[in-house]
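Single-structure report; data block below.
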Amino acid sequence: MSDKKSLSEVHESITTEKKGWRKILAFLGPAYLVSVGYMDPGNWATDIAGGSKFGYQLIWVLLMSNLIALLLQSLSARLGIVRGLDLAQASRNAYPKWVNFPLFFLAQTAIIACDLAEIIGMAIGLNLLFGLPLIWGISITILDTILLLFLLNKGMRKMEAFIIGMVSIVGLSFLVEMFIVEPSVKEVIKGFEPSMLGGEALYIAIGIIGATVMPHNLYLHSSLVQTRKFERDRKGIKEAIKFNVIDTAVALNLAFFVNAAILILAAAAFYKNGFHEVAEIQDAHKLLTNIFGNVAPALFAIALIAAGQSSTVTGTLAGQIIMEGHLNLRIQPWLRRLITRLLAIVPAFFTILHFGEDSLSALLILSQVVLSLQLGFAIIPLIHFTSDKKEMKEFAIKTWAKILAWISALIIIALNIKLVIEEINIWKAENDGWYIYVIVIPIAIIIALLLLYIFIYPLINKHKLKVKVPHGDALEIATVEKIDYSRIGITIDFSKHDRNTIRHALIQGGKHAHYYLIHVVETAAARYHGQTVLDHETQADMENLKKYQENLAELGYHATPQIGFGGTAKAIAEISHKQNIELLVMGAHGHKGLKDIIFGTTVNAVRHKVSIPVLIVR
């Protein structure tokens, strides 16, 4: 049976059986991974634009966005703790199967949009710090896939330490920059007073909210809280909720201070000096150099690289959660992360090659618009699930929290709809192409109708919903009969593992079974010429197989050598089919991490190519 736990590689990998402040520290971590999404390059772009054009006026918008994010993230953590499901898994259980396909597609599109922003941000940071061309900077970001695989294999605590380290670099960089630019404390405090917004100030405020509350963070948080192992009784769940609220409050408030620092930096450095049209991150860096010399812009670039690096790690984790949750589909972790990264790199490459490096800022803004489209599809189900007293029992959210959550959802969705409509109108004014009426507007209408369906369905189908467990229902075992295998395949690789693999196979079949000793020749000549190859390795391998055959014959066992050629998994599967093998016994070497990538995962590949039982011996 496959493990269907959310982020199963690290599920319940961190124990919380500690006392006092050590117990609190054991729960701290998940929200820090989430918080990096609140200070990614998309946030930088909106914060710099807001600070340079309107000074400290929009700080209150940042605070409001942070409070909304704090509420929604705490709901996400509550869902994961109480029900042991992430948001994607809960959606698969609650909504019809056909709905989960567009939900997955929209969520994956949002993650690609997020990843795109991180790639662009990191490439810009490398360009500003080392003068590396943007196209090379984008190419380097593909290495994040290997970094993430390495961090996961080291355990969740190591990954959290890495992310907290990156966040600390961002925070310290801006703390130092605050001393350099010396903002007016009085004016900063005045910026927390809500004010009427209109025109461009409203547009930037919408961008700040859209860039702050991100859908993939809601999926991510509901999964990450499950890395903590605690007692599943009333006291344990209540305690886990409390400590995760503390974790969320600390982490998101730190993210708020970073965002506020970026806006304050832009206001103090640019707005006060008459530079009101700082449109891009590169412009901000250039002006910092002109005004303050080399220290501030260097810190600015380092912080941008750290923000981009940490955000990509959490974005690709969210991609895993969404694919496994909505589609119940699992592929190799490194492959899944590589696909996510490539899907984000392709549009960045295309933009640079076709439109030039100056167009990356427009692509960054577009990624935030795409992101805003998906937000409602995460928020609405989340509020429905955490309000459900049947499933959440005493841990369902209170009426006041439910009202605040729906108001927050309404504000975000209304502002995001306004943003999308404005963008479509801009496209119409600039292009007036047929595709806007034939493709863009119909897609927007379909997405809006799907959003309405997501909202209404749980309300009218509450009594009909049957909650599905991740693995399905248990079956009756009935009578158990002994299985006699008469044709058993044994994979041979002429290593120290062979003896153990053969021994386990002989135990299964005894002396009445016939054994097939399977070895695959993987030389270049074997891959090209197949069975006609007669190179030294093939002849030596056949001789060695015959020695095993003779050795087994002396012990009273019947065996036949079988040589395969080319791809290991394919050759083993072909021999198994051809010889009508009933049981396949394979040795496993226990490769992990990078060794899996280098040496391959033969056992998994064979398992998917044959329909017979496979016994794996270590």
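Around H221, what is the net charge, scoring Lys/Arg as +1 and Asp/Glu as -1 over all other residues with Cβ under 11 Å from its Cβ?
Here the charged neighbours net out to -1.
Nearest 0.05, what FRET efficiency do I460 and I421 give at R0 = 22 Å with Cβ-Cβ as r?
Once rounded, the FRET efficiency stands at 0.20.
By counting other Cβ atoms within 10 Å of each Cβ, how are I59, I305 ranked from fewest to most?
If I rank by nearby Cβ atoms, fewest first, I get I305, I59.
Between E200 and A448, what FRET efficiency comes out of the Förster formula 1/(1 + (r/R0)^6) with R0 = 22 Å and r the beta carbon distance, rounded to 0.05?
0.30
Structure shown: which of K546/K609; K238/K389; K158/K393 lie over 23 Å apart, alpha-carbon to alpha-carbon?
From K546/K609; K238/K389; K158/K393, over 23 Å: K546/K609; K158/K393.
Among L449, L132, which comes first, second and so on when ranked by fewest other beta-carbon atoms within 10 Å?
L449, L132
How far, in nm, would the chain grow between L615 and A161 when pulled straight, counting 0.36 nm per residue and subtracting the alpha carbon separation?
Once the chain is fully extended between L615 and A161, it gains 159.6 nm.
Within the stretch 377-399, find all residues whose amide N lies under 16 Å from a label point positioned 7 Å from the Cα of K242 along Cα-to-beta-carbon.
So the set is 395.
Quick check: net charge around L103, other residues with Cβ under 12 Å of its Cβ, Lys/Arg +1 and Asp/Glu -1?
Overall, the nearby charge balance is +2.
What net charge is computed for the residues neighbouring L584, neighbours being all others with C-beta under 11 Å from the C-beta of L584, Lys and Arg scored +1, Asp and Glu -1?
+2
Which order, highest average first, do 438-445, 181-188, 297-304 follow once you tally other Cβ atoms within 10 Å for each residue and take the mean per peptide?
Top of the packing list down: 297-304, 181-188, 438-445.
Based only on other Cβ atoms within 10 Å, what is the fewest-to-most ordering of E522, E550, E118?
E550, E522, E118
Loop only by DSSP, 13 or fewer other Cβ within 10 Å of the Cβ. Give me the chymotrypsin sites (Phe, Trp or Tyr not before Pro) in the stretch 183-234 that pass, ordered by residue number.
Filter output for the stretch 183-234: F192.
Bear in mind these aren't lab numbers, they're just calculated from the coordinates by the rules spelled out. Since this is a predicted model, take the numbers as computed values, not measurements. Neighbour counts run over all protein chains shown; Cβ positions are idealised from the backbone, glycine included.
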